[in-house]
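**Student:** Can you read through this structure? Questions will come right after.
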């Protein structure tokens, strides 16, 4: 399930969003995790200075278009010099700094943060206007179930 990390933050104080299960090739592809990955990839793609690729629907279905978008995004990150695997799979970030830098999701969120200059109204899925209500609900419910409080 998609959730906001309690321990990993970026330089500007934004928290890392994470997934419980891998998304993409050879993965469980749970709906909430897929939606979070789709949302961040869409944000990076729709920015004028962002990555190539067409629109990506945030529907929680990890079909051929989402799997292709994951691989293309990883390839773009590698081309920019990010030291990640381009294997078509987004794994959960399971370690803290500096090792979280090996994970694609960490890099996608950092690029998104850079493109939108840290504007939380645009890049935080809990408050961004274009974030699907279903994704917000999944993140909120995960926080309540696991931490006993709201996001």
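The numbers here are math on the coordinates, done by the rules we state, and not lab data. Predicted model only: the values in this text are computed from it and were never measured. Quick reminder, even Gly has a Cβ in these numbers, built from the backbone with ideal geometry, and neighbours come from all protein chains shown.
**Student:** Neighbouring Cβ atoms within 10 Å as the yardstick, rank 35, 4, 126, 49 fewest first.
**Tutor:** Neighbour counts put them in this order, fewest first: 49, 126, 4, 35.
**Student:** What is the order of 109, 72, 46, 6, fewest Cβ neighbours within 10 Å to most?
**Tutor:** The most exposed by this proxy come first: 6, 46, 72, 109.
**Student:** I've got another one for you. Regarding the range 3-147, what is the average projected area of its C-alpha convex hull, in nm²?
**Tutor:** The directionally averaged projection comes out at 7.9 nm².
**Student:** Exposure proxy check: 73, 66, 9 ranked by fewest other beta carbons within 10 Å? Kindly include the intermediate steps, with their values, before the conclusion.
**Tutor:** Values: 73 28, 66 23, 9 12.
Result, fewest neighbours first: 9, 66, 73.
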